[in-house]
1. At 1.4 Å probe size, with no ligands or nucleic acids counted, give the accessible surface of H260 in Å², nearest ten.
2. Tell me the angle of helix 33-47 to the major Cα principal axis of the chain, expressed in degrees between 0 and 90 and rounded to the nearest ten.
3. Checking the a/c ratio against 1.5 first, then a/b against b/c, what shape does the Cα gyration tensor give for region 201-332?
4. Output the 0 to 90 degree angle, nearest 10, between the alpha-carbon long axis of helix 58-68 and the longest principal axis computed from the alpha carbons of the chain.
5. If you put +1 on each Lys and Arg Cβ and -1 on each Asp and Glu Cβ, how big is the dipole of region 122-271 around its Cα centre, in Debye rounded to 20?
6. Kindly identify region 162-203 as rounded, prolate or oblate by the Cα gyration tensor criterion: order the square roots of the eigenvalues as a ≥ b ≥ c, call it rounded if a/c is under 1.5, otherwise compare a/b with b/c, prolate if a/b is larger, else oblate.
7. Cut-off 10 angstrom, C-alpha nodes, Gaussian network model of the chain. Which of R157, R64, R123 fluctuates the most?
8. Expressed in nm to one decimal, what extension gain is obtained for the pair D41 and E138 from 0.36 nm per residue of sequence separation less their Cα-Cα distance?
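The values are calculated or read from the model by the stated rules, or taken from the named source; none is laboratory data. Every value quoted in this text rests on a predicted model; they were computed, and no experiment measured them. Ideal geometry is used to build each Cβ from the backbone, glycine not excepted, and the neighbour counts take in all protein chains shown. Please note that ligands, DNA and RNA were not included when accessible areas were found on the heavy atoms of the full protein model with its side chains. Shrake-Rupley method; radii C 1.70, N 1.55, O 1.52, S 1.80 Å.
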Amino acid sequence: MKFLAKCLALATFATAIPSLSAEEVYVYSSRKEHLIKPLFDMYEKKTGVKVKYVTDKAAPLIARLKAEGKRTPADMLITVDAGNLWFATQEGVLKSLDSKVLEENVPAHLRDPKNHWTGLSVRARTIVYNPERVKPTELSTYENLADAQWKGRLCLRTSKKVYNQSLVATMMANKGKEATETVLKGWIKNLAAKPFSNDTKVLKAVAAGQCDVGIVNTYYFGRLMKKEPGLKLALFWPNQKDRGVHVNISGAGITKHAKHPEAAQKLLEWLSSAEAQEQFAGLNMEYPVNPKVEAVKSVKQWGDFKGDVINVNEAGRLQKHAVKLMDTVGYR
Ligand code: FE
C-alpha cells in the first residue's frame, strides 16, 4: 500500500510538473529517509537547490529507472553495496561522470573504475564474537572460521542478501575460486543454526550464546549496542596481516536520463565533501569515504583497522560467480 502510494505520488508529480527548473534535483534512494533527509535539508538551506526524493529497495528502484527510460524524473540513484551499483550500471541506468572533485574526495578503490558511481560511506563487514565464550586471540581471519575449532559455533546471514555475496566475491578475487569454495564448505559445516535473514538476528544469536561468532556490518552492532548496551558482543578486525577487513559502500550515481545532470553532480560532489561526510556516514554509524574526515566518536571507539583496498566494483563483477559457489556448497 505504502509502495503504491509512493508510485502514485511519483506518477502524479512526474506528469504534473515538467520539472524544468535547474534549481532542483530528484533522487531515487534505497538509503532510508532518516539517513538522507538531514543532508538534503542542509544542502537546500545552503544552496537554495530543492532536493526531492523517493525511497524504496534497490531492485525496484533500478527496475523503475529502466522502465521509465527517458521519462524518468530521477537525476540521482543512491543505494547501498557496490554489488547494487554495479548492477545499476549493467542495466544502463547510470551515466559516466567526469568529476575532479570526486576524484579528490573519494579513494579510487571506492569508485567505479568507469565513473558511473562513487562511494559515499564505507561499511565494514567484520567478525563479531561473544567475549564470554571466545578470546580475541582465538580469532584471525574470515577463512579461519572454516576451521574445525568453530564447529557448531558460527552464525551467518543468508546468502540471498547482497552483503555476503559481496564478501564472498571479493574473497574469490583475492584467493581464487577453489580456496573460497573450501572456506565456504567449512563455514557451512561449522554453522550453529540455519543462516539468519538479517545481521541483527546474527548479533542477537551471538549475544544469547546460540553461537559464538558471526559476520556482520558494524553499524548493526552499533545500533543494537546503543539499544542494549549490556549485550555480550565485541567486534574483531580480521585479516589484518593480509588483505584487511571486507569493506563495502553506500554510494550514488547520476542517471543516464537526468533532467538536471549538473545540479545532480554538484549535489553528489557536495555529499563527498568534508562538510557533508561526517553526517552522511555518522547518521548510520558508518565510516566516511573522504579520508580527510574522521568517523564519529561512537564509531571511532571500535578501534582502527586495515580495510581491503580491492576495488569494490569487483564485488559486482564476480557476484554471479559468488552466488553460484554459495549455492554449490549448500549455503542458503
Ligand atoms: Fe544494511
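1. Here the accessible area works out near 10 Å².
2. 40
3. It comes out oblate by the Cα gyration axes.
4. Helix 58-68 sits at roughly 30 degrees to that axis.
5. 420
6. oblate
7. Evaluated over the chain, the most mobile residue of the options is R64.
8. Extending this stretch completely gives an extra 30.3 nm.
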